[in-house]
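Undergrad: Here you go, one structure.
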Amino acid sequence: MSPRQSILTHVRLSSLMMGIGCVFAGTACAAIGGYTELLPANLCMIFVIFAQLAGNFYFRYFNEVHACGNHIDSRINSHSKSYSKTFLKEGSIACALIAALAGLSIAVSGGWWTLMVGIFVAFAGWITMGGNMPLLRTPYGVIAPFILFGPVCVITTALIQIERHPEHPLSWIDVAPALYMSIVMGLMCVNATMVYGYNNYYRNKRNSKETLVVAVGKKFARVIFLLNGVIYTAVTIVMCQQLNFSLKGLDIVPSILCLLIDIYIWYQMRTLPREHHHTLIDFANFNVLLMGLLTFIIFEITGTPDVSTMSFFGL
């Protein structure tokens, strides 16, 4: 296997589905009031994708340099380790620069406060994946995906689009969907992170990487996983009831469907041989994407008629 192929195997490309799904969820919250703005939404998508890639490249580079975590057992196998490490480092820098450019474009559209969000994302990413003790090597590693993909990604994506309509004063009905959905998507990303840790349970335990799954054990980790699914489904139902969407149950279909998928993953975690647990990682990541995409489609169709300030191709 070539060095580059071996590296790309370990940067978790399927994890990008989490970020993409959360951007869709944030855009869905804007669509409820008819505030969908395609350009800011796409800029958020580009930022999230390349920020995630930068983090994945850096975390892999950090583990290669320090020989820590589960990557002790899966170090890059190539004829030129220096080339491989250089590729990881430069890949991280390149993706971070693209994310920064997208972030500056978002700031032009959304205002100075989005720069503060970008700085927070960079800082949170560093303490999560780097430093003397990366947060991902501790039981608190699930906090980062909850905050970064939940409140930060969903709420920021929604507000950037809503704030392009100053003629409509910001109200609770505009902000509330993003607050609810940030909890939903945050918990789903925690579940996806836990499945990744569940797959690496024995390697992490052997290599002193005390993730949440290692700290609480596999049995209780499955309980937390299923409980998260029940909670985010309940939050979705409360959101639909409190905001009076009146879609005759259509609004909770994505959440129910994703809960069923999580129940399937939970069952497989119990019964599937551990050498096949890696197949569940993509399921969990896809579940986040599915929630965001279906929610966006439903609220884009059923939400307030579009009052977007931009048009494309004369439409």
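Undergrad: Could you say whether any residue in segment 247-258 is at pLDDT below 85, farther than 28 Å from Leu104 by Cα, among the basic types (Lys, Arg) and surrounded by fewer than 24 Cβ atoms within 10 Å (Cβ to Cβ)? Give the derivation first.
TA: First, the residues of segment 247-258 that are at pLDDT below 85: 247-249.
The next check asks that each one be farther than 28 Å from Leu104 by Cα; those that pass are 247-249.
Okay, now just the ones that are also among the basic types (Lys, Arg), so 248.
So of that shortlist, the ones also surrounded by fewer than 24 Cβ atoms within 10 Å (Cβ to Cβ) come out as 248.
Among the residues of segment 247-258, at least one is at pLDDT below 85, farther than 28 Å from Leu104 by Cα, among the basic types (Lys, Arg) and surrounded by fewer than 24 Cβ atoms within 10 Å (Cβ to Cβ), which makes the answer yes.
Undergrad: Continuing with this model, one more query. Being open to solvent by less than 30 Å² (accessible area, probe 1.4 Å), modelled with pLDDT of 95 or more and out of contact with any strand residue (DSSP E or B) (no Cβ under 8 Å at 6 or more places or on another chain): is that true of Gly33 here?
TA: no
Undergrad: Can Leu247 be described as without any contact (Cβ under 8 Å) to a residue 60 or more places away in the chain and in contact with a helix residue (DSSP H, G or I) (Cβ under 9 Å, 6 or more places away or on another chain)? Give the derivation first.
TA: Details: without any contact (Cβ under 8 Å) to a residue 60 or more places away in the chain: yes; in contact with a helix residue (DSSP H, G or I) (Cβ under 9 Å, 6 or more places away or on another chain): yes.
Considered against the rule, which asks whether it is without any contact (Cβ under 8 Å) to a residue 60 or more places away in the chain and in contact with a helix residue (DSSP H, G or I) (Cβ under 9 Å, 6 or more places away or on another chain), Leu247 comes out as yes.
Undergrad: If you don't mind, there's one more thing I want to ask. What is the residue count in segment 158-177 for residues that are surrounded by 24 or more Cβ atoms within 10 Å (Cβ to Cβ) and closer than 21 Å to Ser255 by Cβ?
TA: Residues in segment 158-177 being surrounded by 24 or more Cβ atoms within 10 Å (Cβ to Cβ) and closer than 21 Å to Ser255 by Cβ: 2 in total.
Undergrad: Under 6 Å by Cβ, and 6 or more places apart or on different chains, what pairs join a residue from segment 280-302 that is under 14 Å from Asn191 (Cα atoms) and open to solvent by 10 Å² or more (accessible area, probe 1.4 Å) with one that is in a helix (DSSP H, G or I) and among the hydroxyl-bearing types (Ser, Thr, Tyr)?
TA: Matching pairs, first to second residue: Ile281/Tyr196; Asp282/Ser14.
Undergrad: Here's another thing I want to ask about it. Report yes if Leu187 is crowded, with 19+ Cβ neighbours inside 10 Å, touching a residue at least 40 places away in the same chain (Cβ under 8 Å) and closer than 18 Å to Trp266 by Cβ, otherwise no.
TA: Numbers: crowded, with 19+ Cβ neighbours inside 10 Å: yes; touching a residue at least 40 places away in the same chain (Cβ under 8 Å): yes; closer than 18 Å to Trp266 by Cβ: yes.
Against the criterion (crowded, with 19+ Cβ neighbours inside 10 Å, touching a residue at least 40 places away in the same chain (Cβ under 8 Å) and closer than 18 Å to Trp266 by Cβ), Leu187 qualifies.
Undergrad: Quick test for you: out of Arg274, Arg203, pick the one residue that is open to solvent by 70 Å² or more (accessible area, probe 1.4 Å) and over 21 Å from Tyr140 (Cβ atoms).
TA: Answer to the check: Arg274.
Undergrad: Considering only residues that are surrounded by fewer than 18 Cβ atoms within 10 Å (Cβ to Cβ) and of a type outside the set (Phe, Trp, Tyr), look in segment 108-122 and name the one that is modelled with the lowest pLDDT.
TA: Ser109
The values are calculated or read from the model by the stated rules, or taken from the named source; none is laboratory data. The model shown is predicted, which means the values in this text are computed figures rather than measured ones. Neighbour counts are summed over all protein chains in view; Cβ atoms, including those assigned to glycine, are modelled from backbone coordinates with ideal geometry. To get the accessible areas, we keep the full protein, side chains included, count just its heavy atoms, and leave off ligands, DNA and RNA. Shrake-Rupley method; radii C 1.70, N 1.55, O 1.52, S 1.80 Å.
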